[in-house]
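**Q** Would you mind keeping the following structure in view while I ask a few things?
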Amino acid sequence: FVGDRVGRAWAMNITLALTVVGALGSGLASYGTNTDMYLIISLFRFILGWGIGGTFPLSATASADSTAGQPMPLRRLSMAWSYSGQGPGNLLPYLWVLGCEFFGFGYKVMWRTVLAAGALPALVVFWQSGIRPGEDAAAFKVRQLADKSGLRAEIYSRLCSREYLRKLLGAGGSWFLYDFVTNSVKT
């Protein structure tokens, strides 16, 4: 939705920035009592969830847009590649902890760096893709020009209505809780 409103590049920049801020903030939280740290980490993990939750659909859409007009097997491979990064991404925290253990880092350093290291993939994606606002894929620009009114305006008005906004927040909120719980159990 945000990608359609402000452009894929702007939306990807925003979600990557939220991911970096959320990961680094949760890894650097070290003030106050244990309860204070837990609240600070929870806040930053919430921000991280918004970033990751926005990056998932944007990466798939960007992958589809960037291969428009190419043969279908190549488009499918591109889409599969955009999702296949989840496997190594799920394995990375465990490897990070093993590396910290191997090099003899203390427990405090270990868990903080695991949380903060979540910023690395987002920074790599940002650097590798060279995402620059205003340089959206040609397929997105064509679709955006062709869809200025009519169905698109109706979809936006419905999405902005209170009835649909609650449903959208409920669906997004459930994914946030799912990701939060599954990632909390892993780390």
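The values are calculated or read from the model by the stated rules, or taken from the named source; none is laboratory data. Remember, predicted model here, so these are calculated numbers, not experimental data. Neighbour counts run over all protein chains shown; Cβ positions are idealised from the backbone, glycine included. Heavy atoms of the whole protein, side chains included, go into the accessibility calculation; ligands, DNA and RNA do not. Shrake-Rupley method; radii C 1.70, N 1.55, O 1.52, S 1.80 Å.
**Q** Simple spin-label model, 7 Å along Cα-to-Cβ: Phe46 to Tyr164 in nm?
**A** So the two model labels end up 2.7 nm from each other.
**Q** A further question follows. Once R0 is set to 35 Å, what does the formula 1/(1 + (r/R0)^6) return for the Cβ-Cβ distance between Phe102 and Ser78, expressed as a FRET efficiency to the nearest 0.05?
**A** 0.45
**Q** Sticking with this one: Rounded, prolate or oblate: pick one for the stretch 28-132, where a ≥ b ≥ c are the square roots of the eigenvalues of its C-alpha gyration tensor, a/c under 1.5 means rounded, and failing that, prolate if a/b is larger than b/c, else oblate.
**A** Judged from the Cα gyration tensor, the stretch 28-132 comes out prolate (a/c at least 1.5, a/b above b/c).
**Q** May I ask you to give the percent of accessible area on the stretch 1-110 that is carbon plus sulfur, with a probe radius of 1.4 Å?
**A** 73
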